[in-house]
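Peer 1: Right, I'll just put the structure down here and ask away after.
The values are calculated or read from the model by the stated rules, or taken from the named source; none is laboratory data. Because the structure is predicted, anything quoted here is derived from the model rather than measured. Cβ atoms come from the backbone with ideal geometry, glycine included; neighbour counts cover every protein chain shown.
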Amino acid sequence: MEPLSEKQIRSSFVNCTKGDAARLRLPLDFGELPWGELDFLGWVDPGAPLRAHLVLPREQGPLGISLRVPSVGRTSAVKSSLCQVCLTGHAASGVALLAAPLAGVRGREGNTVGIYMCADLACPLYLRGKRQPKLRSGRYEESLTLDERRARMWGNLNAFVAKVAVA
């Protein structure tokens with residue numbers, strides 16, 4: 001992913017107001033992000049921990065999606081979970097159900113779509129082995145190449161984004 005400016009990021013959001021985009025806080029490590037190892041930028045807002053954000057590169061320019069983070073953890077007996085984007089296995093607390101308001105009128109009416117995703121939104125780093133999940137049974141082994149896993153991740157992410165961005 002090519003590095004993005006703060007202005008590019010803030011102007012990219014399709015499912016929140018311009019005021020919400022202006023108030024969001026960028027990742028604390030924004031100046032040191034490993035852009036070359038990121039397929040997309042994802043972070044939990046340091047000033048509003050119940051908000052998260054995704055910014056994806058597109059030919060027409062970056063596309064931003066605002067997400068809501070659950071306020072309470074799961075209380076079920078599930079011991080592990082799988083991210084629906086990158087298919088990384090985590091301890092149950094490593095995956096969160098993130099809800100995105102739909103773009104346009106449907107979003108203003110309160111309609112959302114959700115996805116179970118790595119709670120830290122660091123899917124590209126998990127795919128590359130730069131970050132390790134906290135999973136008691138260890139990491140799931142796959143025979144796919146990095147390019148094949150990235151293509152699968154993009155297919156999953158694009159399917160989710162298509163549900164959000166269609167106004």
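Residues checked against (1) at pLDDT below 90; (2) under 15 Å from the mean Cα position of the chain (by Cα); (3) surrounded by fewer than 19 Cβ atoms within 10 Å (Cβ to Cβ); (4) closer than 21 Å to MET1 by Cβ:
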residue: PRO62; (1), (2), (3), (4): no, yes, no, yes
residue: PRO70; (1), (2), (3), (4): yes, yes, yes, no
residue: SER81; (1), (2), (3), (4): yes, no, no, no
residue: CYS86; (1), (2), (3), (4): no, yes, no, yes
residue: VAL95; (1), (2), (3), (4): no, yes, no, no
residue: ASN111; (1), (2), (3), (4): no, no, yes, no
residue: CYS118; (1), (2), (3), (4): no, yes, no, yes
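Peer 1: On to the next question. Failed condition for ALA99, given (1) within 26 Å of LYS130 (Cβ to Cβ); (2) modelled with pLDDT of 95 or more, with all others met?
Peer 2: Against the list (1) within 26 Å of LYS130 (Cβ to Cβ); (2) modelled with pLDDT of 95 or more, ALA99 comes up short only on (1).
Peer 1: Let me ask you something else. For segment 1-32, enumerate the residues that are within 17 Å of the chain's Cα centre (by Cα) and either over 26 Å from ALA162 (Cβ atoms) or part of a strand (DSSP E or B) (or both).
Peer 2: PHE13, ARG25, LEU28, ASP29, PHE30
Peer 1: Would you tally the residues in segment 132-167 being surrounded by 15 or more Cβ atoms within 10 Å (Cβ to Cβ) and part of a loop (DSSP other than H, G, I, E, B)?
Peer 2: Summing the residues that are surrounded by 15 or more Cβ atoms within 10 Å (Cβ to Cβ) and part of a loop (DSSP other than H, G, I, E, B) in segment 132-167 gives 2.
Peer 1: Another question, if that's okay. Across segment 1-50, what is the total count of residues that are of a type in the set (A, V, I, L, M, F, W, C), in contact (Cβ under 8 Å) with a residue 40 or more places away in the chain and over 22 Å from LEU98 (Cα atoms)? Steps first, please.
Peer 2: Our first condition is that a residue be of a type in the set (A, V, I, L, M, F, W, C); within segment 1-50, this holds for 1, 4, 9, 13-14, 16, 21-22, 24, 26, 28, 30, 33, 35, 38, 40-41, 43-44, 48, 50.
Now restrict to residues that are in contact (Cβ under 8 Å) with a residue 40 or more places away in the chain: 1, 4, 9, 13-14, 16, 21, 24, 38, 40-41, 43-44.
With the extra rule that they be over 22 Å from LEU98 (Cα atoms), the set shrinks to 1, 4.
Number of matching residues: 2.
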